[in-house]
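Everything on this sheet refers to the single structure shown next.
The values are calculated or read from the model by the stated rules, or taken from the named source; none is laboratory data. Nothing here was measured: the structure is a model prediction, and the numbers come from that model. Cβ sites come from the backbone with ideal geometry, for glycine too, and all protein chains shown count toward neighbours.
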Amino acid sequence: MLSTASGTMSNNGSYKNDWTPGGMEPDYSIDPASGGFFHSDYKKHDDLKEMLDSNKDSLKLEAMKRIIGMVAKGRDASDLFPAVVKNVVSKNIEVKKLVYVYLVRYAEEQQDLALLSISTFQRALKEPNQLIRAGALRVLSSIRVSMIVPIVMLAIRDAAADMSPYVRKTAAHAIPKLYSLDQEQKPELITVIQKLLADRTVLVVGSAVMAFTEVCPERVDLIHQVFRKLCTLLVDVDEWGQVVIVNMLTRYARTQFADPNLHDKDGDSERPFYDSGSDVSEKASPPALDPDHRLLLRSARPLLQSRNAAVVMAVAQLYHHCAPKSEGPISARALVRLLRSHTEVQSVVLDSIASISCQNKGTFEPYLKSFFIRTSDPTRIKLLKLDILTNLATESNVSVILRELQTYISSSDKQFVAATIQAIGRCACSISEITDSCLNGLVILLSNKDEAVVAESVVVIKRLLQTQAADPKEIIMHMTRLLDSITVAQARAAILWLLGEHSAGVPRIAPDVLRKLAKTFSDEHDIVKLQVLNLAVKLYITNPEETKLLCQYVFNLARYDQNYDIRDRARLLKQFTQNQSGKIASQATRIFLATKPAPLLQSQFTGRERLQLGSLSHYINTRAAGYEPLPSFPEHPPPSEVRDVEPIAVMQEAKSTKSDKSQSKKKLFLWESEVSSAPSSSSGSSSSSSGSESSDEEATTESDDQSSEPGTNKQKEETESSSEESESSSSESEEESSGEQSDQEKDNVKKPVPETKLNDNKPKSNLDLLLDLDDIPITPIMTPSLGGFLTPLNNPTPNLASPIQVVPPSFIPTKGIELLDRINGQGLSITYRFTRNPHLFSSSMVNISLTFTNTSHDDITDIQLGKKNLAAGTSIHEFMSITLLSPNCSLAGTLGIDFNDSTNPANLEILSSKGSSNVHIKPNIGELMRPVTMSEEIFVTEQSRLKGMNEHTANISLASTNDLSEKVFRAANVAVCPSTKQNTLRFAGQSLTSSSLILITTVIKEEQVAITVNCEKMIIGSMLLNELKLVFK
Amino acid sequence: MIHSLFIINSSGDVFLEKHWRSVVSRSVCDYYLEAQRANPNDVPPVIATPHHYLISIQRGGVSLVAVCMQEVPPLFVIEFLHRVVDTFQDYFSDCTESVIKENYVVVYELLDEMLDNGFPLATESNILKELIKPPNILRTIANTVTGKSNVSDSLPTGQLSNIPWRRTGVKYTNNEAYFDVVEEVDAIIDKAGVTVFAEIQGYIDCCIKLSGMPDLTLSFMNPRLFDDVSFHPCVRFRRWEAERVLSFIPPDGNFRLMSYHISSQSVVAIPIYVRHNLSIKTGEQGRLDVTVGPKQTLGRAVEGVKIEILMPKCILNCCLTSNQGKYNYDPVSKILHWDIGRIDVTKLPNIRGSVSIATGANTSEINPSINVHFTINQLAISSLKVNRLDMYGEKYKPFKGVKYITKAGRFQIRM
């Protein structure tokens, strides 16, 4: 206690400086009703904005902490959005994190502003640090703005092929987010899921299966290939992934395997005809399970020992729904263990146990005593345990149970006592040997002082007598005798009802009881009075001679009763006693003495087996939203061959192990010893199980044989999709020497880019091979060099490298633009011109031709570049300095500038013998691209990929449409792409630095031109569109 | 999966909310609060509302309510919520309203790391601690000076390895490994002193401070005792199946290595007995006489004995004298606490005296129950013994220690 106190103290101290006076405290204690609320609130936000705008990280952090406090408290902080979103670029990791948290919370409400942050995330997606990449993807995918769907899709696709398994895991998490944002992305998401499911890293698999169950649980075909892998990896997956995988595989098993209890069911019905000997022989040869079915059960079994209750429950439901009945008890012990856990866990587990025990008593019978009730249990738990105890009652253990139930009756918890008495009734009902003793016990309870106990006992006795064929005479006589001492109205009423029902059995007693009650009628409780009237009518029908007068007397009393219900009832019932000849009276026997159906005494858990055990729906006993009922086993299970893993995957595995000896050893250790030996050492070693094992071994040996590498056959494999073909290709390359292999391995690592991109569309590819390498700790070292290539926006073109071709420019401007006039240049004038040809120094530079003219009368010497004032990211390649320029002469020079895809002007200083002068070159956006061409098909697919924010459109009225393409060429350095549609022109270009595609489409519609510009860089797109508009006007 | 999480204090105020999949209005908590008002100690863990499903846990005076929109295994959510509370306790050494409010930034960062889109991301304490450092004075001062933050900017190494529970580069000057074998006796004993039900729930809690990557093997003298076991993920299950030894690479610091269950095969020794007598009649003073004594303790002293008697409602007050320890009676909750301490075998602790009964109360049907707490050091009541601990993979010689404790678990005597 002391230590906790001191702990809190220290926390207090440590966080004191995070709590500025007037910062958080009023947040928690603020009174919305006070008048100053809005005012002070407004003001406070102002100072927060100021803090966010400051240069100091500490102030920003402080402000963010306070804002997060507001978010946590549930107060609206959305008006700070513009101020906060600016800080998304902050270098301070904690500020950044908090901004992310804020952004995810409010992006949906402030969609336009949220878009400002997108480019930051796009940049972060290329960071070498995997944590930052993953974080950016998490936030990007969490921003629920439909405009960015294409961007997120692109990011997910790239992250799914990331080197870091952590980023891939994040990609798997992002899939359901995108799916909930835009359902139309499903087909593309499924290909990503398929790829992630094939991942070998345990970190990824669980999340991939989660994405699978959320997006496309109906696509069972995706699981076939990975089924065996999932089973073997199951033990190593993190606990949450285990739950998801086991639940998914339960469903899978229900659709793919034969019902393991099919033969049992027949056996059960026939069991009485067999003697015990034949029974044994039947057990000895259980129906053989599909080896894969066996594999699933065997690999899930160790998870019963998990510390996580959800995992244990998932496995228990797998065994319950998919295992042969004889194996059900395996999970029972683990479930009972969970009863030591928190009450919430207990409640759910007991709920499931109750459901199982309804169907199958034997499973939990050995653990009967674990369900004994303690006074300290909450009522909910008590009732569940009671239900289970009753379900488990058999002839052999009923005495133990009854003794327990007896002690429960004296509990102070009324609800529990009532349930206990009902439980006794149910026991009595189900086990005929104890019915009598139970009845006696219940009769004794009738004299209990507690009204609830008495009422419940009477009700239970009533039910028991109804279900009993035996003569209830004794008990009724006993109860009648008790009538004098019992004061509880319900009990008296119930006794009278019983007496009326069975009046024929006790012909002497019943009229006497009626006589006694007639005497005390006016003092009785209302419900008793009603039953007296009932009794009177019933007696009148069976025995009119003795009771006619008595009956009339009672009715007369009732007629003048204070309660109108009783007067009404008397009036109604009187019709049967006076007027014997009436039509109603003739039916009296059928009305009053009909045999009434016995109430059903059964557990409230019967009928829950239709719901999946351990599911939310099962707990609340109704179908929850999104609940899919478990399919029943197919009559003819689909062939198991579908699960045979294609050799290509095995081959890749083999390759990656070969490539690095030490690593292969590690791998073998990790996943052979940790995983696949689990089943072998579990020593079930039944005949059916050995089958699957041997098939596994076969697979491995196969992989050893085919230890060739697919590296050389890259091209081939990319085009091949079927496994057989690739198999043959691999056998061809078997002769290759191993020395070459290692070289190619290097190659593979160094330039995975084109492959990665190409494989995007193809799920089965040697990309998996690359993924395998990421267990090696050198990953972080490799990442920086690769990070740039792997990212989407930097160069999406390589993946289409061959179909997109750079072509020479269609138009070259001839007019020069003045850079330096002769007055400012003191005689030196310079003009420049964009040549639209690639610069020799670097392809990302704009080629600018300069013309120097000497208009003075003296020689100008030493013309060269002086200071260069360039924007970040831009670079320049200088022209050759000119040593001498004679008067009235002109010389040309070539300048190369990499503008980094922005139109920021390059400020230069030109030095010459005449002095220095400052000039600046400002390019048009149309000059910052190189023309490319591609087939129409690719054009359309690329265009469809660049929708949303990446698309800019405008309509312009045009006088003449003749020189449309020329105008486009004038504005931008693009090339024509083929177009089959009439009136539609397509142009394509690539930005110089980032090589982003720029697609222009013009559609002519009577005097109007619709221009569409698609570009990954939003700014380029919109600027280009503006420029095109200018040109057309 | 989990859409939103609300944390509610004991007076029914939502003091923290976090949303993952979509923003759910906090008014949804009204359903929970209603259920809580109706029955404060017995709130159903799952509440179905028209559009949402509320799955909640209660711990340490705060309730965590998770909002789900779709079918999800309830235990999945419950287990996760408990893991959240465990993490808070790990970080702040306690999980109460004031502690959470004090550390709301860390809490928020933790929740953000633990759950992504409603699906658990990182729940392993070792990994979380590397990502977000637990607050303490020294670090806060250092951070203010150096401008560093509590948030790490690189991925914890454990996250990617096959042993996510251990971080790399652990270094200690004193290498120690301590094992606490704790056994709790759960029992129900009826009026006549007959054991209705008894079992042992045991834990092995470890405090391991070893450098590098030690690979430990723990073996028992009598492993056949275990009826049922559950392990920390680090334990190699196959070794256990085959050889009945615990082989594992331990996490760094404190953790629970295994828990086990001993019930059916062996007779559980009951180390304590309580002789009790309570006579009450309507309209009279009642008499209470309770004596506690040791039984089957293998010569060890029974310490920390506490007795709680849940009295029937009709008892107004107690006037008792005890020869050892202090007692008090709470007339509201009707619980008599008697703190005995160590049992002296020569003079057994006894408490006796009169109880006053409400007039006209129904005294015929009362069955108070006694909850007993005790501790016995240096004894594992199941006679479990650790045989040896071996370490592989590292060169140094660690200091090893095993401690046995027996405690009362849910030990109840019916009167």
task = Hey, could you check region A:420-461 for residues that are of a type in the set (D, E, K, R) and assigned to a helix (DSSP H, G or I) and say which is nearest to the other protein chains (Cβ to nearest Cβ)?
result = A:GLU451
query = Can you name the number of the only condition in (1) at pLDDT 90 or above; (2) facing chain B (nearest Cβ under 10 Å) that A:LEU350 fails?
reply = (2)
note = Inside region B:366-408, the number of residues satisfying the requirement of being in contact with a helix residue (DSSP H, G or I) (Cβ under 8 Å, 6 or more places away or on another chain) and surrounded by fewer than 19 Cβ atoms within 10 Å (Cβ to Cβ) is 2
key: Per-region count, region A:159-192, residues assigned to a helix (DSSP H, G or I), acidic (Asp, Glu) and surrounded by 24 or more Cβ atoms within 10 Å (Cβ to Cβ)   = 0
ask   = Taking into account only those residues within region B:297-318 that are under 22 Å from B:GLN285 (Cα atoms) and without any contact (Cβ under 8 Å) to a residue 60 or more places away in the chain, which is surrounded by the fewest Cβ atoms within 10 Å (Cβ to Cβ)?
value = B:LYS313
ask   = In the set A:ASP436, A:ASP387, which member is at pLDDT 85 or above and among the acidic types (Asp, Glu)?
value = A:ASP387
query = Restricting attention to region A:204-232, which residues are within 14 Å of chain B (Cβ to nearest Cβ), surrounded by fewer than 24 Cβ atoms within 10 Å (Cβ to Cβ), in a helix (DSSP H, G or I) and not charged (D, E, K, R)?
reply = A:THR213, A:VAL215, A:THR232
request  = Can you give me the number of residues within region A:309-341 that are facing chain B (nearest Cβ under 9 Å) and modelled with pLDDT under 90?
outcome  = 7
key: Filtered residue count, region A:133-163, keeping only those that are more than 14 Å from chain B (Cβ to nearest Cβ) and either among the basic types (Lys, Arg) or touching a Lys or Arg at 6+ places or on another chain (Cβ under 7 Å) (or both)   = 3
Lone qualifier among A:SER347, A:SER306, A:SER357 - being under 24 Å from B:PHE76 (Cβ atoms), among the polar types (S, T, N, Q), crowded, with 19+ Cβ neighbours inside 10 Å and out of contact with any Ser or Thr (no Cβ under 9 Å at 6 or more places or on another chain) = A:SER347
task = Quickly run through region B:272-287 and pick out the residues that are touching a strand residue (DSSP E or B) at 6+ places or on another chain (Cβ under 6 Å) and over 13 Å from B:ILE370 (Cα atoms).
result = B:SER279, B:ILE280, B:GLN285, B:GLY286, B:ARG287
message = Looking at region B:383-411 only, could you name the residues that are within 17 Å of B:VAL302 (Cα to Cα) and either in a strand (DSSP E or B) or outside the structural domain of B:ILE262 (by TED's automatic domain parsing) (or both)?
response = B:LYS403, B:TYR404, B:ILE405, B:THR406, B:LYS407, B:ALA408, B:GLY409, B:ARG410, B:PHE411
request  = Report, by residue number, each residue of region B:319-342 that is surrounded by fewer than 15 Cβ atoms within 10 Å (Cβ to Cβ) and in contact with a Cys (Cβ under 6 Å, 6 or more places away or on another chain).
outcome  = none
note = So the helices (runs of 4 or more DSSP H) completely within region A:54-146 holding 2 or more residues that are basic (Lys, Arg) are A:57-73, A:93-106, A:130-142
note = Those residues of region B:46-75 that are within 7 Å of another protein chain (Cβ to nearest Cβ), out of contact with any Cys (no Cβ under 7 Å at 6 or more places or on another chain) and not in a helix (DSSP H, G or I) come to a total of 8
query = Would you call A:SER603 within 30 Å of A:ARG380 (Cα to Cα), at pLDDT below 85 and hydroxyl-bearing (Ser, Thr, Tyr)?
reply = yes
query = Residues of region A:75-88 being in contact with a Leu (Cβ under 8 Å, 6 or more places away or on another chain) and small (Gly, Ala, Ser), which ones?
reply = A:ALA83
query = Do the conditions hold for A:GLN982, that is, is it part of a loop (DSSP other than H, G, I, E, B), farther than 28 Å from A:ARG833 by Cβ and of a type outside the set (Gly, Ala, Ser)?
reply = yes
remark   = Scanning region B:175-195 for residues that are within 11 Å of chain A (Cβ to nearest Cβ) and touching a residue at least 40 places away in the same chain (Cβ under 8 Å), the one surrounded by the fewest Cβ atoms within 10 Å (Cβ to Cβ) turns out to be B:LYS191
ask   = Among B:SER333, B:SER354, which is the only one that is farther than 30 Å from B:ARG224 by Cα and in a strand (DSSP E or B)?
value = B:SER354
ask   = Any residue at all in region A:411-419 that is acidic (Asp, Glu) and in a loop (DSSP other than H, G, I, E, B)?
value = yes
inquiry  = Going residue by residue through region A:109-128, is there one that turns out to be within 10 Å of chain B (Cβ to nearest Cβ) and closer than 17 Å to B:ASP112 by Cβ?
reply    = no
task = Quick one: which residue in B:ARG239, B:ARG275, B:ARG224 is within 14 Å of chain A (Cβ to nearest Cβ) and surrounded by fewer than 17 Cβ atoms within 10 Å (Cβ to Cβ)?
result = B:ARG239
task = Kindly indicate whether any position in region A:376-390 is under 45 Å from the mean Cα position of the chain (by Cα), surrounded by 18 or more Cβ atoms within 10 Å (Cβ to Cβ) and within 21 Å of B:PRO312 (Cβ to Cβ).
result = yes
inquiry  = Are there helices (runs of 4 or more DSSP H) fully within region A:483-594 with at least 1 residues that are touching a Ser or Thr at 6+ places or on another chain (Cβ under 7 Å) and surrounded by 20 or more Cβ atoms within 10 Å (Cβ to Cβ)? List them.
reply    = A:489-501, A:509-520, A:526-542, A:544-559
inquiry  = On the basis of being more than 14 Å from every other protein chain (Cβ to nearest Cβ) and either within 25 Å of the chain's Cα centre (by Cα) or at pLDDT 90 or above (or both), does B:ALA198 make the cut?
reply    = no
ask   = of a type outside the set (D, E, K, R), more than 29 Å from A:GLY135 (Cα to Cα) and surrounded by 19 or more Cβ atoms within 10 Å (Cβ to Cβ): does that describe B:SER63?
value = yes
ask   = Among the numbered criteria (1) under 30 Å from A:ARG144 (Cα atoms); (2) modelled with pLDDT under 80, which single criterion is violated by A:ASN962?
value = (1)
message = Restricting to region A:595-642, count the residues that are of a type in the set (Gly, Ala, Ser), over 30 Å from the mean Cα position of the chain (by Cα) and surrounded by 17 or more Cβ atoms within 10 Å (Cβ to Cβ).
response = 1
request  = Answer with yes or no whether B:VAL345 is of a type in the set (A, V, I, L, M), assigned to a strand (DSSP E or B) and either touching a strand residue (DSSP E or B) at 6+ places or on another chain (Cβ under 6 Å) or within 28 Å of B:ASP186 (Cβ to Cβ) (or both).
outcome  = no
